[in-house]
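The values are calculated or read from the model by the stated rules, or taken from the named source; none is laboratory data. Just so we're clear, the structure is a prediction, and the values are computed from it rather than from any experiment. So basically every Cβ, Gly included, is an ideal-geometry build from the backbone, and we count neighbours across all protein chains shown.
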Amino acid sequence: MRLMNGEHIGPINIGNPGEFTILELAKKVKAMTGSSSEIVYNPLPQDDPKQRQPDITKAQTLLGWNPGIPLEVGLERTIGDFAQRMGVQVEVKSVR
């Protein structure tokens, strides 16, 4: 809303500058859900970024925005929401 109502034109990165690998994320989701799913490794696309760490300086300076939900809390909420939508019971294990 701040971007839409402001004077800045153009994209602004909104994300969490904390960096983690996709493997770390997959392992965290497996641990939180108690899943026995296998993690499958596939070749990366040629244009796949080697680093995924957004620069949120514009969001901070122009919008006064900072991420407010830690990854684990966001995952807990997301897992719970998907479980509810699918009508399944999932005990979300905290990894914090």
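The numbered conditions (1) surrounded by 11 or more Cβ atoms within 10 Å (Cβ to Cβ); (2) within 19 Å of GLY18 (Cβ to Cβ); (3) free of Cβ contacts under 8 Å to residues at least 40 places away in the same chain are all true for GLN51 except (1). For the stretch 54-96, a residue qualifies if it is under 23 Å from ILE12 (Cβ atoms) and in contact with a Gly (Cβ under 8 Å, 6 or more places away or on another chain), and the qualifying residues are PRO54, ILE56, LEU62, LEU63, PRO67, LEU71.
Given the conditions (1) closer than 30 Å to GLU7 by Cβ; (2) surrounded by 10 or more Cβ atoms within 10 Å (Cβ to Cβ), and given that ILE39 satisfies all but one, which numbered condition is not satisfied? Result: ILE39 passes all but (1). Taken over the stretch 66-92, residues that are among the aliphatic types (A, V, I, L, M) and exposed (fewer than 10 other Cβ atoms within 10 Å of the Cβ) amount to 2. Could you please find all residues in the stretch 79-96 being assigned to a helix (DSSP H, G or I) and among the aliphatic types (A, V, I, L, M)? Answer for the stretch 79-96, where residues must be assigned to a helix (DSSP H, G or I) and among the aliphatic types (A, V, I, L, M): ILE79, ALA83, MET86. Of the helices (runs of 4 or more DSSP H) lying entirely inside the stretch 1-78, the ones with 3 or more residues being at pLDDT 90 or above are found at 22-33, 57-63. Against the conditions (1) touching an Asp or Glu at 6+ places or on another chain (Cβ under 8 Å); (2) within 19 Å of GLY18 (Cβ to Cβ), GLY34 satisfies every one except (2).
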